[in-house]
Protein chains: 2
Amino acid sequence: MDALAPMRAQGPLRTLRMSETAYEAIEGAIVRCELAPGTPLVDRQLSEVLGVSRTPIRDAMQSLEAAGLVVRTRGRYSVAGFDLDDVRELFEMRRLLEPPGLERLAADWDPAVVEELATFFDGAPEPGPPGPYEEYLARDHAFHKRIVALSGNSRLIRFYAIAEKQINRIRHYLAPGYEGRMKEVVNEHRDVCEAIAAHDLDAARAALISHLEAGEATMAKYLAQQQEKENPGG
Amino acid sequence: MDALAPMRAQGPLRTLRMSETAYEAIEGAIVRCELAPGTPLVDRQLSEVLGVSRTPIRDAMQSLEAAGLVVRTRGRYSVAGFDLDDVRELFEMRRLLEPPGLERLAADWDPAVVEELATFFDGAPEPGPPGPYEEYLARDHAFHKRIVALSGNSRLIRFYAIAEKQINRIRHYLAPGYEGRMKEVVNEHRDVCEAIAAHDLDAARAALISHLEAGEATMAKYLAQQQEKENPGG
DNA sequence: ATTTGGAATTTGGTATTCCATATGCCCTTG
DNA sequence: CAAGGGCATATGGAATACCAAATTCCAAAT
C-alpha cells in the first residue's frame, strides 16, 4: 500500500472532488503496476493512506470497478488480474474501435489532420532500448487516441479510453522487456500515415490492423513468458 | 418523481445491495421514459421516495452517469437528454459491436446456435400494430444480444449492453408510433439467419448491417418528427 | 420598476457512526 | 489430533451528521 502517497490538498483551483482525486491516485498506482494484481484494496486503509474519509474512496472504488481495474470478489475489493484472454479481448476492441476514425477522415478529408498524424514521432528521442520508454509510450498513445478521436463518436472514444487504460497497465507490467518493439512501432505508424496521405483507406486500415495484430502478438508472447516465469508449470 | 415506487425490502435472498436495487429502479424509470429527459434528480428526494438513505442513491447516480442515462451539469444531476447525434453514435456502436459475434460463429461453427438464432421469433404473436410491442422488443433484444454474446468478448458484451440500454430508451420514447417496423424487423432477422445457415459470413454481416442501418433510419426519422412536433421551428 | 445585496434554502460532497456479514483464530470436544 | 462451534475482528454497506457552494427569493435602495 506504500505505493500511494497522501493526497495533497488542492489549491484555490480545487474543482476536482476528493473522490476524483482519490480515483486518479489509485488508478495511477494500478496502471503503473505499483499495486500488483490481486492486492486487496481495503477502503479503511486507503482512506488512511490518502488522508480522506471512506466515502470518496468507495466512490473511487466503484469507478475503478467500472473501469475494469478493480474487481469485487465475495464482497472484497482487490486489484484486477489479467491474462492472455484479456489481451485478446482488449486488442479485439482496439481493432474494432480504431478504424472508424480512419474512415471518418477519409470521408471528411482534412490535410491538417493528416499532417498532424505524421508528426507524432517527429523530434522524438531515438527510440529503442535504452530509449526513453515513457515518452515513447506517450507518443504512441497520442497517435492512436488522435485516430480514435477522429471518429467523432463520444461513446466510442469513451470505451476506447477504458480499454486503453487496461492495455497500458499490461504494458507497464511487461516493461522494460517490452521496449524492443519501439522502432518497429514507429515504422508501422509511418506505414499507416503514408497510406492515409495516399488517400488509400483500405491500405490504411490494413496497416493499422496489422500494426495492432503485431502489438497483440508481442504482448501475448511476453505475457506468456512472464507468467511462465512466475508460475512455472502452471 | 411519482414514476418511482418505494423499494420493497427484499426477502431472505437479499443478496443485492440497496444501491443496486436503487439503480435498477431509477434505470428502469429512465429507460421506460417514465422520467423524462432533463428531469432533475435530487438525491434527497429519491432517497425519500425509494425509502433508503442518500448513500446508496448517490452510488446509483454514479453508475447511472457511467451508463450515460444521467448527466451532471454544473454539479446537479438530471436525466440525460438525447438527439439525432446520439442515434448516430449508438447505431455506429451497434454496427461495430455486433459483427464480431457472427465472425466468431463462422469460425467456431455450432449448429445448435444457428438453430437457436432462427427460433427467436417462433411462436411469437403476430407482429405488427397493434401487436404486443413489449414482447416484440424483448425478442428483438434477445436476438441481437445472443449474437453479441457469441463474440466471447466480455468487454464487447459490456459495452454493447450500455449502448443497448440507451437505444432502448429512445425506442420507448418513440413508441407507439415506432411499432410500424415490427414485421420488417422480423424479416430482416430471418435474412441474417438464412445467410448464417448458408455459411455465408459476408452475406450475414451485410444483412445485419443493412438491418441496423434500416433501424437507424427509422429511429432518426421518427425522432426528428417527434422533436419537430415538440419544438416547432427549433 | 429595476437592480442589487444578502439571507434562506437547496443540493452535492465529505466525514462519521452504526450495522450486518464474513473471515479467521482459538478453544473445546470427540 | 482432527473437527466443529463460537467469539473476536475485519470489511463492506447504509444511515446520519456536517459542511461548502450554488441557487433562489425577498427586500431595500436608487
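Observations
- The lone exception for residue A:231 - which of (1) loosely packed, with under 15 Cβ neighbours inside 10 Å; (2) within 14 Å of chain B (Cβ to nearest Cβ) it fails: (2)
- Any hit, segment B:73-88, residues being on the phi > 0 side of the Ramachandran plot and of a type in the set (Lys, Arg): yes
- Scope segment B:44-59; condition away from chain A (no Cβ under 14 Å) and surrounded by 17 or more Cβ atoms within 10 Å (Cβ to Cβ); matching residues: B:46, B:47, B:49, B:50, B:52
- Here residue B:28 clears all of (1) open to solvent by 30 Å² or more (accessible area, probe 1.4 Å); (2) more than 12 Å from DNA strand D (Cβ to nearest atom); (3) among the small types (Gly, Ala, Ser) except the condition numbered (1).
- Yes/no for residue A:5 being more than 15 Å from DNA strand D (Cβ to nearest atom) and at pLDDT below 95: yes
- Test: residue in segment B:139-155 that is acidic (Asp, Glu), open to solvent by 20 Å² or more (accessible area, probe 1.4 Å) and not assigned by TED's automatic domain parsing to the domain that holds residue B:34: no
- Qualifying positions in segment A:68-106 - within 16 Å of DNA strand D (Cβ to nearest atom), among the aliphatic types (A, V, I, L, M) and open to solvent by 10 Å² or more (accessible area, probe 1.4 Å): A:71
- Every pair of residues 6+ apart whose Cβ atoms lie under 8 Å, when the first sits in segment B:69-85 and is free of Cβ contacts under 8 Å to residues at least 40 places away in the same chain while the second is within 13 Å of DNA strand D (Cβ to nearest atom) and among the aliphatic types (A, V, I, L, M): B:77/B:42; B:77/B:61
- Here A:157, A:170 are screened, and the one residue that is under 19 Å from residue A:116 (Cβ atoms) and either in contact (Cβ under 8 Å) with a residue 24 or more places away in the chain or in a helix (DSSP H, G or I) (or both) is A:157.
- Condition check for residue A:40: touching a Lys or Arg at 6+ places or on another chain (Cβ under 8 Å) and loosely packed, with under 13 Cβ neighbours inside 10 Å: yes
- Residue B:179 open to solvent by less than 50 Å² (accessible area, probe 1.4 Å), under 15 Å from residue B:143 (Cα atoms) and not small (Gly, Ala, Ser): no
- Counting the residues of segment A:152-164 that are among the hydroxyl-bearing types (Ser, Thr, Tyr) and either closer than 16 Å to residue B:84 by Cα or facing another protein chain (nearest Cβ under 7 Å) (or both) gives 1.
- Condition met for residue B:199 (over 30 Å from residue B:65 (Cβ atoms), surrounded by fewer than 18 Cβ atoms within 10 Å (Cβ to Cβ) and either in contact (Cβ under 8 Å) with a residue 60 or more places away in the chain or assigned by TED's automatic domain parsing to the domain that holds residue B:99 (or both)): yes
The values are calculated or read from the model by the stated rules, or taken from the named source; none is laboratory data. Quick caveat: nothing in here was measured; it's all calculated off a predicted structure. Here Cβ is always computed from backbone atoms with ideal geometry, including for glycine, and neighbour counts include all displayed protein chains. Surface accessibility is based on the protein's heavy atoms, side chains included, excluding ligands, DNA and RNA. Shrake-Rupley method; radii C 1.70, N 1.55, O 1.52, S 1.80 Å.
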